[in-house]
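Here the structure is laid out as structure tokens; the discussion comes afterwards.
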Amino acid sequence: MEDPRLDPVSVADFLLNGTVCYPFTLFSGVYAAPPGAVTDVTPDDIQSEVYYRPDEGEDGAPLQMWGMRLREQVQKVLLVGLEGKRNIKVLFSGGEDSRAVVSLLPPDVECELVTFSDGYNREVKLAERAARALGRPLRFVRRPEGFYRQDIRARARLIGGVSDVRHTHVYGVLADSLGDADAIVGGFMSDSLFKSMLVANASRTLRRIGPETLTSDFSTTPVGIADAKQARWLDPEVASCVVERRNRHQDLLAEFRPRSAVNWHWLWPVGCHHEQFAHYLAVQNLGRTVVEPFLSPQVYALAASMPDEVRVDRKVFRAAFGSPMGRAGWLPTSSGRIPRLGGYAGHYVELGTVVYRRAGDRAANLAARIVGRKPINQGAWSGDYGAFRNGLAGELSGNQFERARELVNAILTAKEANAFFKPGGGDAPDLARNRLLQVAYLMDE
């Protein structure tokens, strides 16, 4: 049976944002089922009954109360999800989210912390220090070189067509390293739901004088969504259609989140709009019990009712997890923050740490180049996200290439379409090429 026809507007949206606006998918006539609803599909009809929406909360509870609620809900999800499990692996990093999760596990719940990185770098050392402070064993697994350029077709087919495969971090040999784990624990979505990552009016410039604050500025632009009309490489008519779809979804969000609709574009529905959701899908496809407490229904509902005032400067996160972290809460993270510190003290410690690290990294990288060595990537994520600027056409079969060319001609300007498959050509970003490759692999051979 022939694949449904690809929707050019959805493809343009995906190339630009890494997601497709709900309720559309990459395929014409194929739509996502409503979130928070029970959908009944019969040969004659499709009926959906909505049972939940993330309505904007009016609860005026104090910060400490929000922190207590968050801590209790996360711990409850962990205990229920891990009941009876014996071989537990925790996806651990040098950041604070995984520390928060591990700190809530009772001492009698045994687990192994696992860290992935390109090499034995600062990220791994930070994770090791945090693991020791938490009293847990940690294992470092080296990410293979070129990991994010491998198996694009298999990854695309694994997670489907509305998530960017470059976020499939637990895949292949890295997934194999988890062995016969019967439960995998993570800290996905903490930044999105309980910090200011998606708060449009959070003042967050690192070099500012003072800590992060919530401003009175009102934004009408969805956080994390690019303005298609500013992407000069897209055909103007197609770009207008992309904007129209995104604006229509914003109007829907504003019906039940009038003050914070722009902050929730990534979050409702999460499975369609969160750019990093491919990570969760890849882990789910391992066939193990996956416990992501921040993505659980009860914790998500708590986030929906929470005011943005407690998200800024990580206030509610500190209130919830600062004390349980113990010594691990006083150790610097990948970002340079001290989890237990906020306000001016936290800001200036972070600023000083970042400046010190950057200076050291520049000196080390310069020395490496002088002696002909490859500079060390000190972070958790690889710099090799698989850019195909110079070899995109060679990755496709003849049929896939022709169909991809037809698609590009339909959604890009004539100039950009002509240059898109040429080595180094065009103004379209490398990410657009990577995502086009993913779309092409969803086509029949």
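Readers should treat all values here as calculations from the given coordinates under stated rules, not as data from a laboratory. Bear in mind that the values here come from a model prediction, so they are computed numbers and not experimental data. No Cβ is skipped: glycine too gets one built from the backbone with ideal geometry, and neighbour counts run over all protein chains shown.
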So how strong a dipole does the chain carry about its Cα centre when Lys and Arg Cβ are +1 and Asp and Glu Cβ are -1, to the nearest 20 debye?
2360 debye
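Compute the whole-percent fraction of alpha carbon pairs in segment 302-343 spaced more than 13 Å apart. It would help to have the intermediate numbers written out before the result.
On the way: 473 of 861 pairs.
It works out to 55 percent of all Cα pairs.
For the chain, return all DSSP H helices satisfying: extent of Cα atoms along own axis at least 24 Å; mean Kyte-Doolittle hydropathy at least 0.5.
none
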Placing +1 on the Cβ of each Lys and Arg and -1 on the Cβ of each Asp and Glu in the chain, which of Gln73, Leu193, Ser335 has its Cα farthest towards the positive end of the resulting dipole?
Ser335
More than 32 Å apart: what percent of Cα pairs in the chain qualify?
43 percent
Whole-Hz ³J(HN,Hα) from phi, Karplus 6.51 cos²θ - 1.76 cosθ + 1.60, for segment 223-229, glycine and proline x:
5, x, 10, 6, 7, 4, 5
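Quick check on packing: order 117-129, 84-96 by the mean number of other C-beta atoms within 10 Å, highest mean leading. Working shown, then result.
Details: 117-129: 18.9, 84-96: 20.9.
Going by the mean number of other Cβ atoms within 10 Å, highest first, we get 84-96, 117-129.
Fewest first, what order do Cys241, Cys21 take by the number of other Cβ atoms within 10 Å? Walk me through the numbers before you get to the answer.
Numbers: Cys241 20, Cys21 27.
The order, fewest Cβ neighbours first, is Cys241, Cys21.
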In a Gaussian network model of the chain with springs linking alpha carbons closer than 10 Å, the residue among Thr289, Thr19, Thr39 that fluctuates most is Thr39
Net charge within 12 Å of Ser177 by Cβ-Cβ distance, Lys/Arg positive one each and Asp/Glu negative one each, not counting Ser177 itself?
+1
Give me the Kirkwood hydrodynamic radius of segment 1-50 in Å, from all C-alpha pairs, to one decimal place?
12.3 Å
Could you state the number of Å between the C-alpha centres of segment 197-269 and segment 3-49?
21 Å
Evaluated at q = 0.10, 0.21 Å⁻¹: base-10 log I(q)/I(0), Debye formula over Cα of segment 1-114:
-0.64, -1.07
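Provide the packing ranking of 209-216, 46-53, i.e. peptides ordered by the mean count of other C-beta atoms within 10 Å per residue, highest first. Spell out each step's value before the answer.
Values: 209-216: 13.6, 46-53: 11.2.
The most tightly packed comes first, giving 209-216, 46-53.
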Per Stokes-Einstein, at 4 °C and 1.567 mPa s, what whole-number D in µm² s⁻¹ belongs to segment 306-445, with the Kirkwood radius over Cα pairs as the hydrodynamic radius?
66 µm²/s
Of the options Tyr51, Tyr280, Cys241, report the single residue whose Cα projects farthest towards the positive end of the charge dipole of the chain (beta-carbon charges: Lys, Arg +1; Asp, Glu -1).
Tyr280
Along the charge dipole of segment 335-429, pointing to its positive end and built from +1/-1 on Cβ of Lys, Arg, Asp and Glu, which listed residue (Ser397, Ala419, Thr353) has its Cα farthest out?
Thr353
Under 10 Å, Cα contacts only: if you run a Gaussian network model on the chain, which one of Met68, Met189, Met306 comes out with the highest mean-square fluctuation?
Met68
Segment 300-386: radius of gyration over Cα atoms, expressed as a fraction of 2.2 N^0.38 Å:
1.45
Given the rule -39500 (n - 2.57) for each run of at least 4 DSSP H residues, summed and divided by the residues of the chain, what is its mean residue ellipticity at 222 nm, to the nearest 500 deg cm²/dmol?
-12000 deg cm²/dmol
Comparing Asp44, Asp313, Asp108, which has the greatest mean-square fluctuation in the GNM of the chain with Cα pairs linked when under 10 Å apart?
Asp44
What spacing in nm lies between the two simple spin-label points modelled at Met68 and Tyr348, each 7 Å away from Cα in the Cβ direction?
3.3 nm
